[in-house]
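Working notes, beginning with the structure itself.
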Amino acid sequence: MIGNRTTYRMADGRRIPGTWRHAFIRNGDYHLTDLFIYADGLIDCWELVTLDEFEKKLHCGWVATELPDGARASGHALAAWTFSEPRSWLTPELLLAEVRDTIDQLNGRPDSTERCLAGVDAFLADRTEEKRAAARAAYLAIPETQRLYALGDMDRKDWPLQVLVAGPGGQVEAWPDEPVTQEDYDEAVAYFEDRAKWIAERPSRIPADGPATPVAPAIHLYQSYPLKPSDDPGTKALRNDYPAPVGVDGATYPSVAQAYWALSAADPDARAAITGAGTPAAARGLAADARRRDGWEQARAAVMTGLLRAKYTQHPDLAEILLATGDATLVYDDTDSGFWGDKAGRGRNWTGRLLELVRSELHAQRAGII
């Protein structure tokens, strides 16, 4: 189960969602660590491996599910201990099945539990022994450690599910010597019929305000140094150093980047020199040697917001390029700043975030909302 344990890694400018769980790595001693599982099927067990490679790591014992009595273990800088009568709940096959389920969940695909419940629905709609056998096989495909939670019922656990797929006269795991009675079976059928009514009547859980995450793939705005406008700039036009003059408070600047650096300088002469610099890179260099205005660090995001609004208001053709990115996450490269740039997932990506804000404002204006 993923729960609230969510993380991500960056790959080719995209955020790959993931989660983690505890595991033991056997590298000499046994090391308690976190196993990171990602939506693209890669697993980090002290190195990124594919699912097939992970299976080999399990069967060779690198990812350990068997914990020998007397073996030494450590939690790195947390603690060290020796196993005494250890008991593991997992086998290599169980852990692999749970990881497969996790990858399905990260991708929004049906996992083994959902496939089982779909099989149950198919059986209830057409109660043949063939459909029951398929539902039972799907139930047994759920990792043993997860079967109790298949129905999300804290009181009955998976008992109605076991009884239903076993059928009258069949066997359940808890009481292998006691066949399922007709009364037990009828009760299980009634349970699922009531459950189906409850699910059908349950209000939609779709947020009233729409999806919480972007639908479109992320767009990476790579570092570039355009010196003149282009008839077809593509997403390079969304860079702050793209040559699109912006007028702010009676002054005109060659680009957003040049305006930002000019406005950052406390001295009017330095501000004029930065404005007149030949390139945004030259402007940045001049600004680096100039004294910042008081409170600039706290005000800079607001200044940048105003400059981006000016750029896309004053250049409708560039506004169309921004609007064409839909609801994609905008990942902005800035090799010099972890505040404005993404910095391979380590930065705050404020330029990308503000571009998304301005894009939303443009959509709202076009729709007549604001």
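Taken together, the values in this text are just the output of simple stated rules run on the coordinates, not laboratory data. Please read all numbers here as calculations on a predicted model, not as lab measurements. Neighbour counts run over all protein chains shown; Cβ positions are idealised from the backbone, glycine included.
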Can you run phi through the Karplus equation (6.51, -1.76, 1.60; θ = phi - 60°) for segment 171-187 and list ³J(HN,Hα) in whole Hz, with x for Gly and Pro? 10, 10, 4, 5, 10, x, 9, 10, x, 5, 7, 4, 5, 4, 5, 4, 5
Net dipole in debye of segment 112-198 [+1 Lys, Arg Cβ; -1 Asp, Glu Cβ; about Cα centre; nearest 20]: 340 debye
If you take the beta carbon distance between Lys236 and Ala141 as r and set R0 to 51 Å, what does 1/(1 + (r/R0)^6) give as a FRET efficiency, to the nearest 0.05? 0.55
Taking 0.36 nm per residue of separation between Asp294 and Leu48 and subtracting their Cα-Cα distance, the length gained on full extension comes to 83.9 nm
If you count, for each residue, the other Cβ atoms within 10 Å and average over each peptide, how do 13-19, 296-302 line up from highest to lowest? 13-19, 296-302
Find how many whole Å separate the alpha carbon centroid of segment 259-304 from the alpha carbon centroid of segment 20-84. 51 Å
Shape category assigned to segment 261-321 from the gyration tensor of Cα positions, a/c cut at 1.5: oblate
Where nothing but the Cβ of Lys and Arg (+1) and of Asp and Glu (-1) is charged, how large is the charge dipole of the chain around its Cα centre, in debye to the nearest 20? 1780 debye
Relative contact order (percent) for the chain, with alpha-carbon contacts under 8 angstrom and 6 or more residues of separation? 9 percent
In nm, the gap between the two label points placed 7 Å beyond Cα toward Cβ at Met154 and Ala302 is 4.7 nm
Per the helix-only model, the chain has a calculated mean residue ellipticity at 222 nm (DSSP H runs of ≥4, -39500 (n - 2.57) each, divided over all residues, rounded to the nearest 500) of -13000 deg cm²/dmol
Give the shape of segment 259-370 as rounded, prolate or oblate, defined through the alpha-carbon gyration tensor: a ≥ b ≥ c are the square roots of its eigenvalues, a/c under 1.5 means rounded, and otherwise the shape is prolate if a/b is larger than b/c and oblate if not. prolate
Can you grab the distance from the C-alpha centre of segment 222-252 to the C-alpha centre of segment 110-189, Å, no decimals? 62 Å
Need the list of lysines near Lys228 for cross-linking: C-alpha distance under 25 angstrom, and skip anything on the same chain fewer than eight residues off. Lys236, Lys311
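Assuming 1.567 mPa s and 4 °C, estimate D for segment 7-106 with Stokes-Einstein, Rh taken as the Kirkwood radius over Cα pairs, in µm²/s.
Estimated diffusion coefficient is 91 µm²/s.
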Gyration tensor verdict on segment 112-198 (Cα atoms; rounded if a/c is under 1.5, prolate if a/b is larger than b/c, oblate otherwise): rounded
Less than 25 Å apart at the alpha-carbon level, and either on another chain or at least 8 residues along: which lysines does that give for Lys157? Lys131, Lys197
Rounded to the nearest 0.05, FRET efficiency between Lys56 and Ala272 (Cβ-Cβ, R0 56 Å) equals 0.30
Just want the ordering: Leu238, Leu51, Leu42, from fewest to most Cβ atoms lying within 10 Å of their own Cβ. Leu51, Leu42, Leu238
Step through the residues of segment 93-98 one at a time and calculate ³J(HN,Hα) from phi using the Karplus curve (6.51 cos²θ - 1.76 cosθ + 1.60, θ = phi - 60°), rounding each to whole Hz and writing x for Gly and Pro. 5, 5, 5, 4, 5, 5
Here segment 133-148 yields Karplus 3J(HN,Hα) values (6.51, -1.76, 1.60; θ = phi - 60°; whole Hz; Gly and Pro given as x) of 4, 5, 5, 5, 4, 5, 5, 5, 7, 5, x, 3, 5, 10, 5, 4
